[in-house]
Amino acid sequence: MHSFLARLTPLIIALGLTWTTLHAIEPAIASLPDSAEIVSRSVVAEGDLSRLKAVLAKAQRGEPVTLGFIGGSITQGAIATKPANRYVNRVADWWKTTFPHTRFTLVNAGIGATNSLYGSLRAQRDLLSRSPDFVVVDFAVNDKAGPELAESYEGLVRQILKQPQAPAVVLLFMSRNDGINAQEWQEKIGSHYQLPMISYRNAFWPELQSGRVQWSQIGADYIHPNNQGHASTATFITTLLEKGRVSVPVDAASSPVSPTLPSPVLSDAFERTTLLEAADLQPLNNEGWTYMPEKKAWVSSTPGSVIEFKISGTRIFLMDYHINGPMGKVRVQVDKLPPVTRDGWFEKTWGGYRETLTLVQDIPAGPHRVRFELLEEAHPQSTGHEFQILGLGATGLTGSHSTEQAP
């Protein structure tokens, strides 16, 4: 342990932290080699800390603070052995321990096997409706590497930043065991908005490549961190928080932070979204489909069944369910545009998942009719025809609210 302290001392001094930081770092990653270097590498950029300092000052004054986290299964807590071991809960514990006289509300908006496209559609319902003061955004693993989902990611970030309480936002870049993630494009967006950014990949990849750290030490499978991985993730975030905290005066007064944003890197289309989950969808026409509350889906197993819904927007999205089971195919058509065929059968056996797909884009605002027809055709390995419609979404709306959701 003394060698760990010796390695950590330069980091503590360089970051301008106090030794209270050590109590958060030591138990989390002291068992790993080059712990100080790992922590240092995790910081992609500190960004503009003014929003973070405003939240820290609010907590220091004893005012209620809401902590928000949005992402996929890692943020949800997989595969930590108990809630207290999740990185989200560990970060929340830092706030509670650091400011024991402040009341904190934790909002965990993580949903497994979902990306920033669905995240941008559900942000108002699951996160922003709770008026968070501090938000961690984690979609680097579930978003594909490349520009494909960068637009929805930017829209999600802009939705959060434009909230009237001017939340502090930290971008978190987790990673698969092969080093693949969406950090390249997400980092471009974070740099544009001068956001603090933390990278699990940057922290551990040199250690993994050299063999000084084995993935099994920090990962439960090829994507999800184990308890050690969750603890390290929390340490990376709380080290940044601690640096912000030590620079906040003890008697810091409230000072407003403007939610005004620069022009977007890619687009602001995902600032204005509609989300209609299956329970919100009212059929215009229905022949053979049933809404099943236990599945939260419109479901049919009879080929030839047709159902139609209405939605407005310049881009239309479908949410449907996929699993290795007796699943079938549907033909989906928006107005008279070319149809899309969707297959509910999924080759993997680890379970089912929700997928969000762009059906059409760059169309008039509508309203539009979306028609589903269950096909006779099914995957050769499927033993049935069931299909589950989980919802529809849209962007490109106008109005006074940045995001619109179904009631």
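Summary of computed values
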| read-out | value |
| --- | --- |
| Pair list, Cβ under 7 Å, 6 or more apart: the stretch 137-149 residue within 17 Å of Ile237 (Cα to Cα) and in the same structural domain as Gln159 (by TED's automatic domain parsing), other residue β-branched (Val, Ile, Thr) and modelled with pLDDT of 95 or more | Val137/Ile70; Val137/Val157; Val137/Val169; Asp138/Ile74; Asp138/Thr75 |
| Selected residue [surrounded by fewer than 21 Cβ atoms within 10 Å (Cβ to Cβ), of a type in the set (D, E, K, R) and touching an Asp or Glu at 6+ places or on another chain (Cβ under 7 Å)] from Arg331, Arg315 | Arg331 |
| Any chance Gln163 is over 16 Å from the mean Cα position of the chain (by Cα) and closer than 26 Å to Arg90 by Cβ | yes |
| Contacts under 9 angstrom Cβ, first residue in the stretch 226-238 being closer than 18 Å to Trp215 by Cα, partner hydroxyl-bearing (Ser, Thr, Tyr) and not in a helix (DSSP H, G or I), 6 or more apart | Asn226/Thr81; Asn227/Thr81; Gln228/Ser31; Phe236/Ser199 |
| Strands (runs of 3 or more DSSP E) wholly inside the stretch 262-358 that include at least 3 residues being modelled with pLDDT of 95 or more and closer than 23 Å to Ala113 by Cβ | 273-277, 297-300, 315-322, 329-334, 340-343 |
| Cβ pairs under 9 Å, 6+ apart, first in the stretch 344-371 and in the same structural domain as Asn115 (by TED's automatic domain parsing), second aromatic (Phe, Trp, Tyr) | none |
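The values are calculated or read from the model by the stated rules, or taken from the named source; none is laboratory data. Note that the structure is predicted; figures quoted are calculated from it, not measured. Here the Cβ is made from the backbone with ideal geometry for all residues, glycine too, and neighbour counts use every protein chain on show.
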